[in-house]
Amino acid sequence: MAGATRPKAYLCRRYTESVEAALRARYELQVNEDDTILSPEEIVRAASGSQVLLTSATEQINADVLRGLSPALRFVATLSVGYDHIDMGVVRELGIGVLHTPDVLSDACAEIAMMLMLNACRRGYEADRMVRSGSWTGWSPTQLLGVGLKGKRVVIFGMGRIGREIAARARAFGMEVHYHNRRPLSQEQAANAIYHADLDEALQVADVLVIAVPGSPQLKRVINAARIALLPADAVLVNISRGELVDDNALINALSTGRLFAAGLDVFANEPNVDPRYRELDNVFLSPHIGSATKEARDAMGWLLVDGLDALFQGTTPANLLDHTDSIRSQETIR
Ligand code: DGY
């Protein structure tokens, strides 16, 4: 793809250096240099005539964007495993190929799930603040008592690739692993994790609930007041999926009344505009959507897109090309 015939591509966000260099070598690349989050209208204006749109989960690749860039647009490549920000119905209608970045971020996301779990259970925010603020008067037998992980039941809602990595780490902490998916995993994949066909039944045993299911409009506010009420007293909720899956009013109410012990949240509805009530709560540990934010994962995610696009331009089908069945499958297990 060298020389004057290079396809035109538009990069909505800044990727890692080596990935951007690879893209510049292959495409007539235009870049959103200041790395702001572009609106659909801005994307259509900036990427006009592009055959490839390189994006991330921060951009809404809706019907207006896809139709606005059609018929030139052939491929959308998103630096994310999730693709709930892309209108897959219109993608199919227009025959556009969509690449995403599964697998290579599973370890990084599982690590963040454990970070949130530990900080929520062991009161990480309050502990850090006590030291930084100078208000620590010294060790005390009853200071900042949290809940231990050993022997507790973790319920993983969405036991896909990331969920299974979380399960492996939770086992190492001595937790009993339960999960809810539409369908049970094979024995080998489940590795003794206990399956619950019914989400409500699973919630009733969740000392710690980890939401790792793929985001989708059908699951909006699936964790609502009624479901939070099913969790055991003093349960902990962790969300690394999408903020929209949780009803913020219900969660904030449960945290402020002490119905839940704590929460660890990496994702929020309407990012980056976090519901300000979370900031006021001591029993929430917050992080800014950094699940896959390691150098290793972000590089690997970018290279998966570079290699996938190479394959598509050569007429072959890369494993990370989404198709019709993927959007059905995503409702079941994967993330
Ligand atoms: C993903 O990969 O879907 C993460 O949430 C980052 O967007």
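How many residues are within 16 Å of the ligand (Cβ to nearest atom) and among the charged types (D, E, K, R) when one looks only at the stretch 257-302?
Total satisfying the criteria: 6.
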Scan the stretch 49-66 and give yes if some residue there is acidic (Asp, Glu) and either more than 11 Å from the ligand (Cβ to nearest atom) or at pLDDT below 95 (or both), otherwise no. yes
Within the stretch 104-122, take every residue that is within 11 Å of the ligand (Cβ to nearest atom) and touching a residue at least 60 places away in the same chain (Cβ under 8 Å) and give me the one that is surrounded by the most Cβ atoms within 10 Å (Cβ to Cβ). 105
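Could you check the stretch 35-71 and list, in sequence order, the residues that are assigned to a helix (DSSP H, G or I) and open to solvent by less than 10 Å² (accessible area, probe 1.4 Å)? It would help to see each step written out before you state the result.
Keep residues of the stretch 35-71 that are assigned to a helix (DSSP H, G or I), which gives 40-46, 63-69.
Of everything in the stretch 35-71, those that are assigned to a helix (DSSP H, G or I) and open to solvent by less than 10 Å² (accessible area, probe 1.4 Å) turn out to be 43, 65, 66, 69.
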Could you count how many residues in the stretch 299-318 are touching a helix residue (DSSP H, G or I) at 6+ places or on another chain (Cβ under 8 Å) and free of Cβ contacts under 8 Å to residues at least 24 places away in the same chain? 1
Scope the stretch 84-100; condition within 13 Å of the ligand (Cβ to nearest atom) and either at pLDDT below 95 or not in a strand (DSSP E or B) (or both); matching residues: 84, 85, 100
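How many residues are open to solvent by 10 Å² or more (accessible area, probe 1.4 Å) and of a type outside the set (Asp, Glu) if we restrict to the stretch 253-273?
First pass over the stretch 253-273, keeping only residues open to solvent by 10 Å² or more (accessible area, probe 1.4 Å): 253, 256-259, 261, 268-273.
Next, from what is left, pick out any that are of a type outside the set (Asp, Glu): 253, 256-259, 261, 268-270, 272-273.
Of the residues in the stretch 253-273, 11 are open to solvent by 10 Å² or more (accessible area, probe 1.4 Å) and of a type outside the set (Asp, Glu).
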Six or more apart or on different chains, Cβ atoms under 6 Å: show the pairs whose first residue is in the stretch 251-272 and β-branched (Val, Ile, Thr) and whose second is within 16 Å of the ligand (Cβ to nearest atom). 267/239; 267/242; 267/243; 267/289
Output the number of the condition that residue 125 fails; it satisfies all remaining conditions of (1) open to solvent by 30 Å² or more (accessible area, probe 1.4 Å); (2) within 16 Å of the ligand (Cβ to nearest atom); (3) among the hydroxyl-bearing types (Ser, Thr, Tyr). (2)
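The values are calculated or read from the model by the stated rules, or taken from the named source; none is laboratory data. Every value quoted in this text rests on a predicted model; they were computed, and no experiment measured them. Glycine also receives a Cβ, built like all others from the backbone with ideal geometry; neighbour counts cover every protein chain displayed. Accessible surface areas use protein heavy atoms only, side chains included; no ligands, DNA or RNA. Shrake-Rupley method; radii C 1.70, N 1.55, O 1.52, S 1.80 Å.
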